Structures are given as C-alpha cells and as structure tokens.
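Novice: Handing you this structure, nothing more for now.
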Amino acid sequence: MNSATGGLVNVRVAAQHFCGNVIRKMIFNRRFFGKGMEDGGPAVEEEEHVDALFTILSQGRLQGLARDIVRKATASGKKYQDPLIDERIKKWNDGTKTEKEDILDILIMLKQTDGTPLVSREEVKVGMAMDNLPCGYPWRPNPNTWVFPSFLIHWELMIATVDNPSNGVEWALAEMLNQHETLKRAMAELDRVVGKERLVQEFDISQLNYIKSCVKEAFCLHPIAPFNVPHVSISDTTVGNYFIPKGSHVLLSRPGLGRNPRIWNESLNTGRRRCAGVTLGSTMTSMLMARLLQGFTWNLPPTVSHIGLKEFPGDLLLAKPLLALAKPRLAENLYSISL
C-alpha cells in the first residue's frame with residue numbers, strides 16, 4: 001500500500017486474519033505458525049488455517065451434507081495445531097516449561113482433585129463428529145443428517161471466535177461508507193480519546209462509546225447466521241403467552257430479534273442466556289473496528305458510488321466482500337509495531 005495514495009483493501013480478508021491472529025496468540029502465544037510475511041501479513045500457513053476455520057463454519061451454517069469438505073478442512077487446520085500441542089505437553093512433562101502463558105498451558109495443567117489431568121491430550125486436540133451424538137441432539141434431527149462437527153476445547157474456542165467479529169466489522173464499515181457522517185464521527189471520537197501518537201489499546205475501549213454503539217448496531221442488523229443455536233424445551237412452558245410443549249426444538253430468528261422492535265425491543269441486550277464468549281467477542285470486534293478507523297482514512301473505490309448491502313443467502317454475510325480504499329493516517333513507524 002502506498003502511504004501517499006493508499007490502496008484497495010479486501011476488508012473481509014483483513015478482518016478474518018486479524019481474528020485468526022488474535023485467537024492464535026491467545027491459545028498458542030503466537031500469531032504465526034511459521035515466520036509470517038515481512039510486512040506482518042499472513043503467510044501460506046495462516047491463510048490455509050483461516051480458510052479451514054471458515055470452511056468448517058460455512059458448511060455447518062448452510063446445513064449441508066459436506067462431510068468430506070469439513071473433514072479435509074479439519075485436517076488442514078489440525079496439521080498446524082496438533083504439533084504445537086504435542087510439543088507443549090512434552091515441555092510441561094519434562095519440566096522445561098513451568099509458567100502458564102496462554103490458554104493451551106491452562107488446559108494442559110488443569111488437574112483433578114487427585115492430581116491427574118482434567119483434560120486429556122485427545123480432548124485438547126481431537127475432534128468428534130456429530131454422527132457420534134444421539135439422534136435427538138438439536139443439530140442432528142435424524143440418523144441420516146450430518147450437520148456440524150463439534151470440536152473439543154481449543155478447536156471450539158478457535159472456531160467460535162473468528163466469524164462474528166470479522167462479519168460485524170465488515171458490515172459496520174460498509175454501512176459507514178454509505179453514511180459518511182457516521183464514519184467521520186467515529187474517527188473524531190478516536191482522535192479525541194486516543195489521538196494519533198499511539199495505537200488504540202484495549203484499555204481505551206471503555207471511552208469509545210460511539211464506536212461500541214456502531215459495533216452493537218452492526219450485530220443487531222447483520223447477524224452472521226439467520227438463527228440462534230437451536231434450543232430444546234425440557235418441560236412444557238409458556239413464553240410471551242406462547243405455549244411451548246416439552247421436547248420442542250426452538251429456532252429464534254436473529255434478524256427478527258435485531259430488526260423488529262415490535263417483537264423484541266431490547267435488541268442490544270444479550271440476555272440471561274447470552275453467549276459465554278460475549279465479552280471476548282465484543283472486545284475483539286471493538287478493537288478491530290477502532291484499529292481500522294484510527295489507522296486509515298476510508299473511502300469508496302474510485303469506480304463505486306455506493307456500497308451494495310445485499311446479503312449472501314444462507315449465512316447473511318455481505319453478498320460481495322467489501323473492497324474499500326484505505327489511506328494511512330498515522331506516522332509510518334506505528335504500522336511496524338509488533339503486537
């Protein structure tokens with residue numbers, strides 16, 4: 001990217017790799033499986049890894065019978081992760097590692113009351129296919145349907161972390177590019193709270209209320225999937241004057257909850273049964289949004305007058321990946337800081 005004129009950025013790709021970097025750093029204490037690129041971008045290993053994660057997610061959301069596709073993607077991701085897990089377990093066992101530095105260390109060192117490992121090597125790294133689950137399981141309504149593999153421990157953390165933040169930021173920026181005053185207001189908040197002499201940090205988020213509001217609005221208007229995870233009622237119950245018999249499989253429309261105040265007027269409220277990772281996901285999304293807005297001036301591509309906001313059928317992603325013109329707006333040395 002030319003520092004004077006900027007360049008065209010595929011925001012979806014950039015956002016997905018940001019999320020991949022963050023969760024790899026949290027789990028394995030490293031952004032890259034190899035050396036990465038000289039400019040700090042993903043190398044072949046990271047591209048293959050992130051592609052595997054999103055392949056698994058897309059096949060699950062589309063309710064397809066793509067068992068071979070998912071297994072291939074799983075193997076593609078695990079070939080980078082499993083050697084790191086084996087190496088880390090060996091270091092703990094032979095005493096060359098003594099301090100917990102990331103999520104993997106914590107999982108390995110969890111102990112039962114008798115001192116034996118709470119989580120086995122296989123539970124840390126091995127996947128379990130849905131066809132091993134009972135037919136009544138909500139995501140597998142009959143023996144002939146295979147929908148989504150349930151990965152254990154770090155796989156589930158990895159997969160659950162990358163899609164919502166990247167999708168939310170892509171949609172938020174697309175909306176902002178069509179409403180330039182909103183974009184200017186968000187950037188003005190960053191300049192006021194953080195300035196241009198340093199990069200925005202996690203401790204700044206508490207003061208970036210407008211940016212957080214933009215992120216929440218994007219989540220409400222543009223969820224990544226049409227429905228919440230299925231729920232099954234364990235007894236007869238009544239919710240909002242609706243009788244729900246025991247054993248009912250309930251699917252909640254996420255666009256319906258976020259866009260229709262007549263149905264649900266607390267669209268920004270995550271509720272009592274919110275996702276366990278809502279704090280992490282919200283923080284990642286706000287940080288990504290803030291970094292993109294602080295670091296670059298964003299504009300429409302030269303030949304585009306308006307960003308189309310059509311959804312991709314099935315998973316509600318933006319139908320076409322967002323391409324936007326980004327021009328650096330900070331001192332050059334700030335872009336080379338390793339985080």
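The values are calculated or read from the model by the stated rules, or taken from the named source; none is laboratory data. Fair warning: this is a prediction, and the values are worked out from it, not measured in the lab. Note that each Cβ is placed from the backbone with ideal geometry, even for glycine, and that neighbours are counted across all protein chains shown.
To keep it simple, each residue is scored yes or no on (1) part of a helix (DSSP H, G or I); (2) within 30 Å of LYS327 (Cα to Cα).
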| site | (1), (2) |
| --- | --- |
| CYS214 | yes, yes |
| CYS220 | yes, yes |
| ILE224 | no, yes |
| GLY258 | yes, no |
| LEU280 | yes, yes |
| GLN294 | yes, yes |
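Novice: Same structure again: Out of curiosity, is ILE103 surrounded by 13 or more Cβ atoms within 10 Å (Cβ to Cβ) and under 23 Å from ASN164 (Cα atoms)?
Specialist: In short, yes.
Novice: Give me the residue from segment 72-101 that is in a helix (DSSP H, G or I) and over 23 Å from PHE32 (Cα atoms) and, out of that set, modelled with the highest pLDDT.
Specialist: Ranking the qualifying residues of segment 72-101, first place goes to ASP94.
Novice: Residues that are modelled with pLDDT under 85, surrounded by 17 or more Cβ atoms within 10 Å (Cβ to Cβ) and not aliphatic (A, V, I, L, M): does segment 310-322 have at least one?
Specialist: Looking for residues that are modelled with pLDDT under 85, surrounded by 17 or more Cβ atoms within 10 Å (Cβ to Cβ) and not aliphatic (A, V, I, L, M), one finds at least one in segment 310-322, hence yes.
Novice: Still on this structure: State which residue pairs qualify: first residue among the basic types (Lys, Arg) and inside segment 200-217, second residue in a helix (DSSP H, G or I) in any location, beta carbons under 6 Å apart, and separation of 6 or more residues or different chains.
Specialist: LYS212/SER286
Novice: Any idea which of SER58, SER76 is under 25 Å from GLY277 (Cβ atoms) and either touching a residue at least 60 places away in the same chain (Cβ under 8 Å) or crowded, with 18+ Cβ neighbours inside 10 Å (or both)?
Specialist: SER58
Novice: Here's a follow-up. Criterion first (part of a loop (DSSP other than H, G, I, E, B) and surrounded by fewer than 17 Cβ atoms within 10 Å (Cβ to Cβ)) does SER235 satisfy it?
Specialist: Criteria met by SER235.
Novice: Hey, among ARG262, ARG291, which residue is of a type in the set (Lys, Arg) and in contact (Cβ under 8 Å) with a residue 60 or more places away in the chain?
Specialist: Sole residue among the options that is of a type in the set (Lys, Arg) and in contact (Cβ under 8 Å) with a residue 60 or more places away in the chain: ARG291.
Novice: Right, next: Condition check: outside any strand (DSSP E or B), surrounded by fewer than 17 Cβ atoms within 10 Å (Cβ to Cβ), modelled with pLDDT of 95 or more and among the aliphatic types (A, V, I, L, M). Does ALA172 satisfy that?
Specialist: no
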